[in-house]
1. Would you check if there is a residue in segment 100-112 being in a strand (DSSP E or B) and farther than 23 Å from Ile36 by Cβ?
2. Please list, ordered by first then second residue, the pairs with beta carbon atoms under 8 Å, 6 or more apart or interchain, first in segment 50-76 and of a type in the set (D, E, K, R), second part of a strand (DSSP E or B) and open to solvent by less than 50 Å² (accessible area, probe 1.4 Å).
3. Read through the list (1) of a type in the set (Phe, Trp, Tyr); (2) open to solvent by 40 Å² or more (accessible area, probe 1.4 Å); (3) at pLDDT 95 or above, then give the number of the only condition that Tyr106 fails.
4. Could you check Thr90 against (1) farther than 30 Å from Phe57 by Cβ; (2) touching a Phe, Trp or Tyr at 6+ places or on another chain (Cβ under 6 Å) and say which number it fails?
5. Being among the polar types (S, T, N, Q) and open to solvent by 20 Å² or more (accessible area, probe 1.4 Å) narrows it down to one residue among Asn138, Asn144, Asn128; which is it?
6. Can you pull out every residue in segment 134-151 that is more than 12 Å from the chain's Cα centre (by Cα) and part of a strand (DSSP E or B)?
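The values are calculated or read from the model by the stated rules, or taken from the named source; none is laboratory data. Everything numeric in this text was worked out from a predicted model, so none of it was measured. Methodologically, a virtual Cβ is constructed for each residue, glycine included, from the backbone with ideal geometry; neighbour enumeration extends over all protein chains shown. Areas reflect the complete protein model, heavy atoms only, side chains present, ligands, DNA and RNA absent. Shrake-Rupley method; radii C 1.70, N 1.55, O 1.52, S 1.80 Å.
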Amino acid sequence: MEKFEYKIIDNFLDKEFFLRLKKQIEYEDFPWRRRIECTRDSKNDKGYFTHSIFNEFKINSPMYENTLIPILYKLKARSIINASVHMFLTEFFLKKSTVYHQDWPYNSTTAILNLTNCDGGTQLKIKNKEIVVESKENRIVIFNTQIKHRTIKNTTAGARYILNMNYF
């Protein structure tokens with residue numbers, strides 16, 4: 001596997017597919033679960049809401065077949081580790097960002113698809129350099145899972161939505 005640091009792709013999904021995905025997760029009866037903390041350091045936040053699509057070797061959502069599989073094909077993923085949709089509420093952040101973390105300690109890939117235009121985003125830390133990826137609808141950031149990253153608080157939208165995927 002070729003080792004890369006990160007790449008950003010705008011307009012990742014075709015517009016119709018993207019709009020269907022966004023409408024689905026913004027639906028008022030979409031099934032969310034609250035997590036108490038975004039990272040292991042809960043001093044920075046009051047948690048977030050998540051919808052697990054795939055985790056611990058099992059499918060957890062009807063989104064798996066019609067939503068996740070086409071995206072994984074487009075990413076040329078060979079095997080999924082986990083995938084979930086997250087909703088970050090602005091008022092749940094106590095500081096400007098969460099702490100840096102790694103999704104997994106082994107060589108795999110993380111892809112974060114932004115579903116919201118806002119001033120929040122994802123910040124990568126690569127060789128002591130901080131790279132901010134602004135949350136822009138249909139923008140995906142793809143990076144090695146061992147790269148430390150964090151969520152940046154948004155102040156221009158009530159909620160920020162992302163689809164987070166880890167895969168080989």
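1. yes
2. Glu56/Asn82
3. All conditions are met except number (3).
4. Going through the list (1) farther than 30 Å from Phe57 by Cβ; (2) touching a Phe, Trp or Tyr at 6+ places or on another chain (Cβ under 6 Å), Thr90 breaks only (2).
5. Asn128
6. Those that are more than 12 Å from the chain's Cα centre (by Cα) and part of a strand (DSSP E or B): Glu134, Asn144, Lys148.
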